[in-house]
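Take a look at the structure set out below.
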Amino acid sequence: MLLTLKNKYIRFKNYKIKCALGKKGTKKNKKEGDKTTPKGRFRLNYVLYRSDRVKNLTSVLKKKVIKKNMGWCDDPSSDQYNKLIKLPFKFSAEKIYRKSNIYDIIIVINYNLKPIIKSKGSAVFIHISKKNFKSTEGCIAISKKNMRLLLNEIKIKSYLNII
């Protein structure tokens, strides 16, 4: 299934889902820390979720429960760059387990994962938006209601085309 993201909306089937993007919009040649969402076609890999906050989550994608020691390496000097890691970690890493709800459900998209290219950008996810759809650091953010809808509708081989 192909989902298309254009003009801050994800479209598929008869659905149109509002989303927030990186503070500096979209860009074909994303770099680490540039606050852009990468343009291109990416597979939806798997789901991370907080089992203490999210119940009855259904999806054909593989699901992993978020643990307190989970992080995602965003340091290009590490050999674990752009990978899920355990905290504490000697290199820079983003915390996945948070007080805020934005990472209660995460869809990991296949951006810069196979192969991983240093400094091309890391931790590009679809996650829960803030109430006002405030811009992200480069991720795609949607409402929790629409995240559940998306997870129910997507297929194993679903792709997100960011225009």
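Being closer than 22 Å to N112 by Cα and either exposed (fewer than 15 other Cβ atoms within 10 Å of the Cβ) or among the β-branched types (V, I, T) (or both) is the filter here, so list the residues in the stretch 129-155 that pass it.
Those that are closer than 22 Å to N112 by Cα and either exposed (fewer than 15 other Cβ atoms within 10 Å of the Cβ) or among the β-branched types (V, I, T) (or both): T136, I140, I142, I154, K155.
Let me spell it out: the conditions are (1) in contact with a Ser or Thr (Cβ under 7 Å, 6 or more places away or on another chain); (2) crowded, with 20+ Cβ neighbours inside 10 Å; (3) of a type outside the set (F, W, Y); (4) farther than 19 Å from K114 by Cα, and K24 meets all of them except one. Which number is the exception?
(2)
How many residues are of a type outside the set (S, T, N, Q) and in a strand (DSSP E or B) when one looks only at the stretch 124-160? Please lay out each step first, then the result.
Within the stretch 124-160, the subset of a type outside the set (S, T, N, Q) is 124-128, 130-131, 133-134, 137-142, 144-145, 147-151, 153-157, 159-160.
From the residues that got through so far, the ones that are in a strand (DSSP E or B) too are 125-128, 140-142, 159-160.
Qualifying residue count for the region: 9.
For the stretch 2-42, what are the residues that are at positive phi and either in a loop (DSSP other than H, G, I, E, B) or touching a Cys at 6+ places or on another chain (Cβ under 7 Å) (or both)? I'd like the intermediate steps shown before the answer.
Within the stretch 2-42, the subset at positive phi is 7-8, 13, 25, 33, 35, 40.
Passing the criteria: N7, K8, K13, G25, G33, K35.
Considering only the stretch 32-49, state which residues are crowded, with 18+ Cβ neighbours inside 10 Å and within 15 Å of L151 (Cα to Cα).
L44, V47, L48, Y49, listed by residue number.
Tell me, which residue of the stretch 67-109 that is under 24 Å from K144 (Cβ atoms) and among the aromatic types (F, W, Y) is nearest to the chain's Cα centre (by Cα)?
Checked the stretch 67-109; the qualifying residue nearest to the chain's Cα centre (by Cα) is Y103.
With G40, G71 as the choices, which residue is within 23 Å of K134 (Cβ to Cβ) and touching a strand residue (DSSP E or B) at 6+ places or on another chain (Cβ under 7 Å)? Break it down stepwise before answering.
Working: G40 fails: within 23 Å of K134 (Cβ to Cβ).
Of the residues listed, the single one that is within 23 Å of K134 (Cβ to Cβ) and touching a strand residue (DSSP E or B) at 6+ places or on another chain (Cβ under 7 Å) is G71.
Values quoted throughout were computed directly from the atomic coordinates according to the rules given, and no laboratory measurement underlies them. Just so it is clear, the structure is predicted and the values come from calculations on it, not from any experiment. Every residue, glycine as well, gets a Cβ built from its backbone with ideal geometry; the counts of neighbours run over all protein chains shown.
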